[in-house]
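The values are calculated or read from the model by the stated rules, or taken from the named source; none is laboratory data. This is a predicted model, so every value here is computed, not measured. Cβ sites come from the backbone with ideal geometry, for glycine too, and all protein chains shown count toward neighbours. Ligands, DNA and RNA are excluded from the accessible area calculation, which covers all protein heavy atoms including side chains. Shrake-Rupley method; radii C 1.70, N 1.55, O 1.52, S 1.80 Å.
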Amino acid sequence: MMLLQTLSTDGNMVVDSLAMMEPGKGDIGLLDLMIKGGYMMIPLYALFVLAIFIFVEKIITLRKASKSPKYLMDQIKILVQGGQVEKAKILCQQEQTPVANMIAKGLERIGSPLKNIEVAIENVGKIEIYKLEKNLNLMATVSGAAPMIGFLGTVAGMIRAFIGVAQEEGMVSPKLLSTGIYEAMITTATGLVVGIIAYLGYNYLVTQVSKLVHNMEYTSIEFMDILQEK
């Protein structure tokens, strides 16, 4: 009798396994995976949207900030050496870029000692750099927080899965256990994806800001040279 029960149980398990192997039965869409991740997916979605928003906003800001024409300093040099300081100020006001704002502040201080002019330009430069770097730290926070939230969701999901297993009476279905585990792992995968995207975006933005800051420093030095030649 025991032998027949064992064979019957084994036969049912084989049938279940074959049914799970049928093509199309185990296919799960992306939307289903996103829904089955649990409530911890909500902060991950929020972090993803935040990272994309910051990235797009900073890209637009950096593009506007780097639009200063290459011939700007040549025109400034001609106007300053010709005594047309007011025209040089108007030219900088028309540009409205970090470089132009720094040069405009230097033009306003013409007549003061060169040291005072240099300090004024540096102060404006610090303000412009702060504007360029705004929200970059938040982007870095997203890149670090998303994977940790994903791991937390996985741990919580695993706990729920094993609690469900403990509450089952008799033989535990492998399908029940595996379903709980893969649903828990979804949050880890999502957290890693969000974290990687935010990390790559952060490093790209930092590189672009560094290039722009270098250009600002070079331009300020060039402007001080123009004043010394005057």
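Things to note:
- Residues being open to solvent by 10 Å² or more (accessible area, probe 1.4 Å) and free of Cβ contacts under 8 Å to residues at least 60 places away in the same chain - total across the stretch 101-119: 11
- L62 being open to solvent by less than 30 Å² (accessible area, probe 1.4 Å), farther than 15 Å from T219 by Cβ and not charged (D, E, K, R): yes
- Neighbours by Cβ (under 9 Å, 6+ apart or cross-chain): first from the stretch 123-142, under 21 Å from A51 (Cβ atoms) and in contact (Cβ under 8 Å) with a residue 40 or more places away in the chain; second among the acidic types (D, E) and assigned to a helix (DSSP H, G or I): N135/E57
- In the condition set (1) touching a residue at least 24 places away in the same chain (Cβ under 8 Å); (2) open to solvent by 70 Å² or more (accessible area, probe 1.4 Å); (3) of a type in the set (D, E), D74 is compliant with all but (1).
- Checking each residue in the stretch 90-100 for being crowded, with 19+ Cβ neighbours inside 10 Å and either under 12 Å from F223 (Cα atoms) or not hydrophobic (A, V, I, L, M, F, W, C) (or both) picks out T97, P98, V99, A100.
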